[in-house]
Structures are given as C-alpha cells and as structure tokens.
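Read through the structure below, which is laid out as structure tokens, and then see the notes.
The values are calculated or read from the model by the stated rules, or taken from the named source; none is laboratory data. Keep in mind the model is a prediction, meaning the values are calculated, not measured. In this analysis, Cβ positions are derived from the backbone assuming ideal geometry, glycine residues included, and neighbour counts consider all displayed protein chains. Accessible surface is based on the protein model in full, side chains and every heavy atom, while ligands, DNA and RNA are left aside. Shrake-Rupley method; radii C 1.70, N 1.55, O 1.52, S 1.80 Å.
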Amino acid sequence: DAGITQSPRHKVTETGTPVTLRCHQTENHRYMYWYRQDPGHGLRLIHYSYGVKDTDKGEVSDGYSVSRSKTEDFLLTLESATSSQTSVYFCAISAKGTGPLGYGYTFGSGTRLTVV
Amino acid sequence: GQQVMQIPQYQHVQEGEDFTTYCNSSTTLSNIQWYKQRPGGHPVFLIQLVKSGEVKKQKRLTFQFGEAKKNSSLHITATQTTDVGTYFCAGIVGGSARQLTFGSGTQLTVLP
C-alpha cells in the first residue's frame, strides 16, 4: 500500500552477521509493528512501537531489537542472525492501535530474509 | 503459543461453491479483524467486528462475531478465482491491549 515501504525487499545473509530491516511510513501514524510470517504459524508479533522512542516486545522478540527515533521510521535489527530467523518480515502501521476503537493495520510489502 | 485458532488450514473448492473459515479463542475477544493475503502478497485488512453477535457483509463475504465474542467466521458465497488467498483472523488475547494476535490462516484454493 502507498504510504508504507520496507527495505530491502530481499536479503541473503550469513549466520552470525547483524542485519537491519527498515520500515518507512508517510502516514504519520503513531503505531508501528514488526511481524514475521512462517508456514503454519501465521503472523507473529516481534516488537511494536506506540510512539517515538516508545517500544515494547511482542510474542517472539528474542534475538531482535528495534529502534524508532522518528515517527516515520521503525528499524528491526537482528543482532546476530541465525537460520531460525529465515522468514518473511512484515511491517505494519496503524493510526489508532489495537482494540475496539482501532482500525485495521496497513502492511508493507515484506522483506524476505534468508540466513545461510 | 497460538491463542487464536483457525480452521481449516487448507480448503479447496470448485468455483461457484461456498467457503467458510472459522476462528476460535479460549478467551473473550474485545474485537476481531479479518485480513486477506494473496499469494506472494501482504495481508490486507478486510473488516473489524466489535459487537457481540455482529454480522457484516461485503458483497459475497459475510463476517460474523459470536455471541460470547470467542469465535468468528468468514463465509464466501459462490467463490470466484479472485478469492484465492489466505484469510486470517486477528484479535487481542490476554496481556497487553496493544498486541494483535493472528490466527494461522486458512489457505483457499479455487479450482476453475
């Protein structure tokens, strides 16, 4: 969708190397999320942000860190990539977050990461 | 672990047949959302249900939220090849109200 971009779209990296994925939005939305998608597991939340410098862990946060120094950018870092982190990573944004008053998420096109 | 269960995991239908996917939670959901992901694409938001017993329609798609707010369903009438994709439900379970938990999805194949 227009308004959210992920980079890179594809990446192959070696085990043990650090990797940073970028999510950029032009919607000025407060909430941003990082999910990973693996067969049979659907989408699992890694980390999310509810404002600049405000982040929290999701269901599968081990081995990942995030940073949000500007409203528009949310970075996901794999400190030392492992083969189990081979996955498709999706960033999502939301204007009002989660809950009855929230709206649906808008997802980016994803980053396919392969750790060899 | 997965706290929002979705069945079936796969469904093959002949074009023109109906299709239903079910979403169940062991805890009450404050709201539930449905998404569609085309093959090779990203999830796209379809709808949100909030009220107990709520029913919403989008053309051939009918969404229901159970009376106890623990289950939901998506029904597609007279499937078309454009309906192909994976359908996910998502809701808030336990913990932080800021975390949306997705079901594992139902992958729909429509045979022409």
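State all residues of segment B:14-56 that are more than 9 Å from every other protein chain (Cβ to nearest Cβ), open to solvent by less than 30 Å² (accessible area, probe 1.4 Å) and in contact with a Leu (Cβ under 7 Å, 6 or more places away or on another chain); if no residue qualifies, say none. Correct list: B:F19, B:T21, B:I32, B:K36.
Determine whether segment A:73-96 contains at least one residue that is in a strand (DSSP E or B) and basic (K, R). No, segment A:73-96 contains no residue that is in a strand (DSSP E or B) and basic (K, R).
Restricting B:T27, B:T86 to residues that are touching a residue at least 24 places away in the same chain (Cβ under 8 Å), part of a loop (DSSP other than H, G, I, E, B) and touching a Gly at 6+ places or on another chain (Cβ under 8 Å) narrows the list to B:T27. Of all residues in segment A:8-40, those being assigned to a strand (DSSP E or B) and of a type in the set (D, E) number 1.
Here's the yes/no breakdown for (1) among the polar types (S, T, N, Q); (2) open to solvent by less than 10 Å² (accessible area, probe 1.4 Å); (3) closer than 24 Å to B:I32 by Cα:
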{"residue": "A:Y50", "(1), (2), (3)": "no, no, yes"}
{"residue": "A:E59", "(1), (2), (3)": "no, no, yes"}
{"residue": "A:K70", "(1), (2), (3)": "no, no, no"}
{"residue": "A:D73", "(1), (2), (3)": "no, no, no"}
{"residue": "A:S94", "(1), (2), (3)": "yes, yes, yes"}
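For A:R36, indicate whether it is farther than 21 Å from B:L100 by Cα and touching a strand residue (DSSP E or B) at 6+ places or on another chain (Cβ under 7 Å). Taking the combined requirement at face value, the residue does not satisfy it.
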